[in-house]
Amino acid sequence: MTATQIPDTTQAELDAALQRAAEAAEPFGAQPPAERARQLRAVADALDAAAGELIPLAISESHLSEGRLTGELKRTTFQLRLFAETIETGEHLRVTFDQADADFALGPKPDLRRMLLPVGPVLVFAASNFPFAFSVAGGDTAAALAAGCPVVLKGHPGHPELSVRTGEIVADALRSAGAPEGTFGVVLGFEIGTAALRDERIKAAAFTGSVPAGRALFDIANSRPKPIPFFGELGSLNPVFAAPGAVAARGADIAKGYVTSYSGNAGQLCTKPGLLFLPADHGLEAALAEESAAVAAHRLLNDRLHEGYCSRRAAVTEVPGVRVLAEGAAGEAADGAVPTLLATDVDTLLANREALLEEVFGPLSIVVTYASEDEARRAAEAFEGNLTAAVHADDADTDFVATLLPLLRDRAGRVLFNGWPTGVAVSPAMQHGGPYPATTDARFTSVGTAALDRFLRPVTYQNVPAALLPPALRDDNPWNLPRAVHTPR
């Protein structure tokens, strides 16, 4: 189905949205954390109430199932409420006092008061593969709003009607809950997105999508007269290494879990395992092929992604030394794409890095055999940055895994043991980010409550008169915030 044709935002409309966001920045960021938490909950309640309207829209534009989208909307409102809970106490502001000390060892020390402040209006580029959780009211939007930053959301062309309607619900909920006008707005259009990124009123940007698109936007953000932070989630292969002991003990379970993980949601997840490394004598080819052949066809999100998948699949399958283990109807069906499972060895992989060590967005994955532990380590060394890396191992594999884990840790933001990378918990300890090209800044996450750190910056007030201090730094602590106080020794 072709997405509904909705006109792009005009330049005048963009300018108005950016100006409203700029004017909202100070009053929105100056609110007590508890007030902003209440507004986030209001957005979550409004989205839950509109599920009967939004989910059919998402189905019509994304080809995703009702069950998948119902769960995704639940995740979206859950993370809004989780951010509300996180900021309610104000602990995220990390208020720190260093009291004046005339007898300080390095000379008289002034009164120093430090806190985190919102950076200002944030431009969020919505993703295609999560029409709720990584789109209009998704994690980037929730994190920016929680930090106190107005959001200008560039809607994805794959679901424009859903984007506009979701944006209306979010903006109305914020307005009704007392947020300043301009706290949230949706704009549409490729050129409009890049124009917004270049505008000096935007102080940071977040993106989820392909490496070429993300890198182009990253370069724009950094080439501005005043560069801004650009937090991009780009591409990831998410390698999985199965050690010999684990394969011997539970090879059938590993095969089943792998196929479920790489083929789920038609392989349209950023954490899809793109490669599974198995010992050369693994004996699982028949099981892997059978499991893959049993997976039904699934339409991809849109025609552009389907064409891209077919092109990449053709390029990978034509590499000498790559075999097809399972592929239905040349990898296509009348109603969508079916899994394509390929096989090769480490030498072929390393000889064809450009073709094989590049993400394929869709239900394709590669089984790579290694003849020795040294080959497995050489394969791990060949990877660039990833969101995840996983190991399946038993007690007998301890020495092998001990040397492999540091290599994977240096190349991934999340290291899993005896699990599959698909499925990302929304929690305080989650790290959804990794070295480039997985993300543009591996120090941050785009999932979990730590995601709001991207949109805060530290400011220290030195010897500022009490009457001029912000509420968070006043001695009487009107917002009742937690604070660390360092007194003279």
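The values are calculated or read from the model by the stated rules, or taken from the named source; none is laboratory data. These numbers come from a predicted model, not from an experiment. So basically every Cβ, Gly included, is an ideal-geometry build from the backbone, and we count neighbours across all protein chains shown. Ligands, DNA and RNA are excluded from the accessible area calculation, which covers all protein heavy atoms including side chains. Shrake-Rupley method; radii C 1.70, N 1.55, O 1.52, S 1.80 Å.
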message: Six or more apart or on different chains, Cβ atoms under 6 Å: show the pairs whose first residue is in the range 159-187 and open to solvent by less than 20 Å² (accessible area, probe 1.4 Å) and whose second is among the polar types (S, T, N, Q) and assigned to a helix (DSSP H, G or I).
response: His159/Ser62; Leu174/Gln39; Ala177/Gln39; Ala179/Gln39
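Output the residue which, of all residues in the range 188-214 that are aliphatic (A, V, I, L, M) and open to solvent by 20 Å² or more (accessible area, probe 1.4 Å), is nearest to Pro32 (Cα to Cα).
Of the range 188-214, the ones aliphatic (A, V, I, L, M) are 188, 192, 195-197, 202, 204-206, 211, 213.
This time we only want the ones that are open to solvent by 20 Å² or more (accessible area, probe 1.4 Å), so: 195, 211, 213.
On the way: Ala195: 32, Val211: 38, Ala213: 37 Å.
The selected residue is Ala195.
In the range 459-477, which residues are over 11 Å from Leu93 (Cβ atoms) and either in contact (Cβ under 8 Å) with a residue 40 or more places away in the chain or of a type in the set (A, V, I, L, M, F, W, C) (or both)? Full working, then the answer.
Step one: of the range 459-477, the residues over 11 Å from Leu93 (Cβ atoms) are 460-469, 474-477.
Hits for the range 459-477 are Thr460, Tyr461, Gln462, Asn463, Val464, Ala466, Ala467, Leu468, Leu469.
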- line: The residue that is nearest to Ala58 (Cα to Cα), considering only those in the range 140-158 that are open to solvent by 10 Å² or more (accessible area, probe 1.4 Å) and touching a strand residue (DSSP E or B) at 6+ places or on another chain (Cβ under 9 Å), is His156
message: Within the range 28-47, does at least one residue satisfy the condition of being outside any loop (DSSP other than H, G, I, E, B), without any contact (Cβ under 8 Å) to a residue 40 or more places away in the chain, open to solvent by 30 Å² or more (accessible area, probe 1.4 Å) and not polar (S, T, N, Q)?
response: no
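Checking the structure you have, find out if any residue of the range 310-329 is touching a Pro at 6+ places or on another chain (Cβ under 7 Å), at pLDDT 85 or above and outside any strand (DSSP E or B). Even if it seems obvious, please write down each step before you answer.
Pass one, the range 310-329, residues touching a Pro at 6+ places or on another chain (Cβ under 7 Å): 326.
Now restrict to residues that are at pLDDT 85 or above: 326.
Okay, now just the ones that are also outside any strand (DSSP E or B), so none.
Within the range 310-329 (the criterion being touching a Pro at 6+ places or on another chain (Cβ under 7 Å), at pLDDT 85 or above and outside any strand (DSSP E or B)), the answer is no, since none of the residues qualifies.
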- line: Of the residues in the range 159-172 that are among the aliphatic types (A, V, I, L, M) and touching a Phe, Trp or Tyr at 6+ places or on another chain (Cβ under 9 Å), the one that is nearest to Ser62 (Cα to Cα) is Leu162
field: Residues of the range 463-484 satisfying the condition of being out of contact with any strand residue (DSSP E or B) (no Cβ under 8 Å at 6 or more places or on another chain) and either basic (Lys, Arg) or open to solvent by less than 60 Å² (accessible area, probe 1.4 Å) (or both)
entry: Pro471, Arg474
query: Is there any pair with a first residue in the range 266-289 that is assigned to a loop (DSSP other than H, G, I, E, B) and a second that is buried (at least 24 other Cβ atoms within 10 Å of the Cβ) and among the acidic types (Asp, Glu) whose Cβ atoms are under 9 Å apart and which are 6 or more apart or on different chains, and what are they?
result: Cys270/Glu233
- line: Residue pairs within 6 Å by beta carbon, gap of at least six or interchain, first lying in the range 64-80 and open to solvent by less than 60 Å² (accessible area, probe 1.4 Å), second charged (D, E, K, R) and not in a loop (DSSP other than H, G, I, E, B), listed first then second, are Thr77/Asp48
query: Considering only residues of the range 215-227 that are of a type in the set (A, V, I, L, M) and buried (at least 19 other Cβ atoms within 10 Å of the Cβ), which is farthest from Ala137 (Cα to Cα)?
result: Ala221
statement: Exception for Leu237 within (1) aliphatic (A, V, I, L, M); (2) open to solvent by 10 Å² or more (accessible area, probe 1.4 Å); (3) under 20 Å from Ile366 (Cβ atoms); (4) not in a loop (DSSP other than H, G, I, E, B) falls at (4)
- prompt: Is it true that some residue in the range 102-114 is in contact (Cβ under 8 Å) with a residue 40 or more places away in the chain and either within 22 Å of Ser427 (Cα to Cα) or among the polar types (S, T, N, Q) (or both)?
  reply: no
- prompt: If you go through the range 244-260 one residue at a time, do you hit one that is open to solvent by 10 Å² or more (accessible area, probe 1.4 Å), at pLDDT 95 or above, not small (Gly, Ala, Ser) and not in a helix (DSSP H, G or I)?
  reply: no
task: Hey, could you check the range 98-122 for residues that are touching a strand residue (DSSP E or B) at 6+ places or on another chain (Cβ under 8 Å) and among the charged types (D, E, K, R) and say which is most open to solvent (accessible area, probe 1.4 Å)?
output: Arg114
message: Just to be sure before I move on: is Ala24 buried (at least 19 other Cβ atoms within 10 Å of the Cβ), touching a Gly at 6+ places or on another chain (Cβ under 7 Å) and assigned to a helix (DSSP H, G or I) in the structure I sent?
response: yes
The lone exception for Asn265 - which of (1) over 27 Å from Ala450 (Cα atoms); (2) open to solvent by 50 Å² or more (accessible area, probe 1.4 Å); (3) touching a helix residue (DSSP H, G or I) at 6+ places or on another chain (Cβ under 9 Å) it fails: (1)
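So, Asp397, is that one surrounded by 22 or more Cβ atoms within 10 Å (Cβ to Cβ), farther than 28 Å from Glu72 by Cα and over 28 Å from the mean Cα position of the chain (by Cα) or not? Can you show your working first?
Numbers: surrounded by 22 or more Cβ atoms within 10 Å (Cβ to Cβ): yes; farther than 28 Å from Glu72 by Cα: yes; over 28 Å from the mean Cα position of the chain (by Cα): yes.
Answer is yes for this residue.
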task: Assess whether Ala16 counts as being on the phi < 0 side of the Ramachandran plot, part of a helix (DSSP H, G or I), crowded, with 16+ Cβ neighbours inside 10 Å and of a type outside the set (D, E, K, R).
output: no
